[in-house]
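Accompanying notes for the structure given below.
The values are calculated or read from the model by the stated rules, or taken from the named source; none is laboratory data. Treat the numbers as computed from the prediction; the structure is a model and nothing was measured. Positions of Cβ are backbone-derived with ideal geometry, glycine not excepted, and every protein chain shown enters the neighbour counts.
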Amino acid sequence: MEVAKENVVSNPSKELDAGALFVLKSRGSWLHCGYHLTTSIVAPVILSLPFAFGLLGWVGGVICMSLAGLVTFYAYNLLSLVLEHHAKLGQRQLRFRDMARDILGPGWGKYFVGPLQFFICFGAVIACTLLGGQSLKFIYLLSNPNGKMKLYEFIAIFGVVVLGLAQMPSFHSLRHINLVSLLLCLAFSACAAAGSIYIGHSNDAPTKDYTVTGSKKNQIFGTFNAISIISTTFGSGIIPEIQATIAHPVQGKMFKGLCVCYSVITVTYFSVGISGYWAFGNQAKGTILSNFMGVDKPLLPTWFLLMTNVFTLLQVSAVTVIYLQPTNEVFENKFADPKMNQFSTRNVVPRLIFRSLSVIVATTIAAMLPFFGDIMALFGAFGCIPLDFILPMIFYNVTFKPSKRGFAFWVNTLIAVASMVLVGMGAVASVRQIILDAKTYRLFANM
C-alpha cells in the first residue's frame, strides 16, 4: 500500500496503527503546515480581543497580547525541535500523547496528556458548533428581524454541514480547505477592523472611555479573565499532529509553517484588538460583532454585517473540522484495520458511523448548553495552557537537558511556573463567571 510505505519510511522504528496511518498521513509541505497551524489558532474567538483589552487597558492589553504571541511562538518551536530530535533518532512521534509517553513515561501519555487533549479538542468542536449556530441565527435575523426560529435549530443546521465535512479522510486532505480558511481569517479580521474604524469616526460613535472600570476585586478577576482569554486565543493543542502531516524529512519545515501562521496572527490579532478597543473602549462586548449592532439600530450597513458573518461562519466550519481530527484519529485507531485499504468497506463503514456519532454528540451538547462558552473557558484554563505553555518547556528540558546555569533552562522553567499560576488564576476566574451566569442557564435556551 502506497500510503503505508510513505509513512513507514518516516517511522522506521515501528509499524503504524490505523489512526496514524490513515488520519495523520505524512505527505504535506511546510506551506500546508502553515495552513493547518493558522486554522487551528486564528479563529473567530479573536473577535473577543477588544473585550479583553477593556479589562486590561491599553498598556496591559498590548503587553499581554505581545507576550502571549512571543511565548507561544517560542513554545511551538520547542515542540518542533523535540519532535525533530526524536525523528532523527528514528522514533518520529506523531501525537501529543506519543511525546508524553516517550519523554515523561507511559502513564503521562495514557492518563493525562491523551485524555486532556481529547476533551479539549472535542470541547472546541462543541464551542465552534455553538458559534456556527449563533452566526447562522445572526444572519437569519438580519434578513428577517421578526423570525421565530430558535438557536438550537441553527445549531442543528450547522451540525449537518459539519457532518459532511467530518468525512474528509485525513488531516492532509484538509489542506485546501485550510488555505481558504486562512484567507477567511484575513477577510473577517479586515471587516472587523474596518467596521470599528468606520464606527469610531461616525456620528454614532460611542463615547470613548479607556479606563478599567469596577471595584478593585472585579478589576483583579477581570485581569485574570482577560489573560485567560488572550492565552486561549493563541492556543492550539494539536501541534504534534500538525507536524505529523509533514513529509519526511521534517527538519526546518515546521519553523517555516509557524512563520506563515504568525504572520497572519500579527496582522489579524493586533488589527482587531486595537481597532475594536479604540472604537468602543471599555464598552467592548464579548464579541465585537455585538457592538456593531448598536443599542437601537445597527451601526453598519446590513450588507456589511452580513458579509462579515458569512466570512466568520465559513471559517469556523474549517476550525470545527480541524479540531475533529484528534477524535477521528482515536476512532480510526480503535476501529479501523491498518492492514486493509483505507477506503475498503471494512474501514469506511466504521469511519462513517463513528465520525457521524461524534458530530451528532457535539451538536446535541451545543444545542443543549448554549452557555458552553463559560464552561469552555474553564476547560481552556486547565487544558490549553498546560498543552501549549507548560508541556513544551518540560519536554525540551527533559529531552535536551540544558545546563541549569544556562539561559534556556531558566527561561523555560520561568514560563512553565508562571503558566501554572495562570492555570490556577484562570480556573478561579472561570468558576466565578459560571456562578455569576448560572441564573441564566437553561437547557436549549434561545440565547
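Here is how the numbers come out for the structure above:
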read-out	value
Selection within segment 170-209 - closer than 25 Å to residue 293 by Cα, of a type in the set (Ser, Thr, Tyr) and outside any helix (DSSP H, G or I)	202, 207
Filter result for the condition that a residue is assigned to a helix (DSSP H, G or I), farther than 19 Å from residue 323 by Cα and touching a residue at least 40 places away in the same chain (Cβ under 8 Å), over 62, 45	62
Test for residue 197: is it surrounded by fewer than 18 Cβ atoms within 10 Å (Cβ to Cβ), in contact (Cβ under 8 Å) with a residue 12 or more places away in the chain, among the β-branched types (Val, Ile, Thr) and at negative phi	yes
Residue within segment 153-170 that is among the charged types (D, E, K, R) and closer than 27 Å to residue 364 by Cβ present	yes
Test: residue 198 is among the hydroxyl-bearing types (Ser, Thr, Tyr), out of contact with any helix residue (DSSP H, G or I) (no Cβ under 8 Å at 6 or more places or on another chain) and either closer than 19 Å to residue 75 by Cα or modelled with pLDDT of 90 or more (or both)	yes
Conditions (1) among the aliphatic types (A, V, I, L, M); (2) over 16 Å from residue 30 (Cα atoms); (3) part of a loop (DSSP other than H, G, I, E, B): number failed by residue 267	(3)
Meets criteria (free of Cβ contacts under 8 Å to residues at least 60 places away in the same chain and not β-branched (Val, Ile, Thr)) for residue 303	yes
Qualifying residues in segment 89-109 (those that are modelled with pLDDT of 90 or more and among the basic types (Lys, Arg)) - the one farthest from residue 246 (Cα to Cα)	101
In segment 290-323, the residues that are surrounded by fewer than 15 Cβ atoms within 10 Å (Cβ to Cβ), of a type in the set (Val, Ile, Thr) and under 16 Å from residue 198 (Cα atoms)	302
Residue match in segment 88-99 (condition: assigned to a helix (DSSP H, G or I) and surrounded by fewer than 21 Cβ atoms within 10 Å (Cβ to Cβ))	yes
Meets criteria (surrounded by fewer than 22 Cβ atoms within 10 Å (Cβ to Cβ), over 20 Å from the mean Cα position of the chain (by Cα) and farther than 23 Å from residue 105 by Cβ) for residue 346	yes
Residue check for residue 204: modelled with pLDDT of 85 or more, surrounded by fewer than 18 Cβ atoms within 10 Å (Cβ to Cβ) and under 18 Å from residue 284 (Cα atoms)	no
From 89, 116, 130, residue being of a type in the set (A, V, I, L, M), closer than 30 Å to residue 399 by Cβ and within 22 Å of the chain's Cα centre (by Cα)	116
Exclusive hit being under 19 Å from the mean Cα position of the chain (by Cα), at pLDDT 95 or above and over 27 Å from residue 70 (Cα atoms), set 264, 359	359
Filtered residues of segment 65-88 (kept if farther than 19 Å from residue 241 by Cα, out of contact with any Leu (no Cβ under 9 Å at 6 or more places or on another chain) and in contact (Cβ under 8 Å) with a residue 40 or more places away in the chain)	68, 69, 71
Residue check for residue 398: over 17 Å from residue 126 (Cα atoms), among the β-branched types (Val, Ile, Thr), within 24 Å of the chain's Cα centre (by Cα) and at pLDDT 90 or above	no
Which listed residue is in contact with a Ser or Thr (Cβ under 8 Å, 6 or more places away or on another chain), at pLDDT 90 or above and over 26 Å from residue 231 (Cβ atoms), from 164, 159	159
So residue 247, is it small (Gly, Ala, Ser) and in contact with an Asp or Glu (Cβ under 8 Å, 6 or more places away or on another chain)	yes
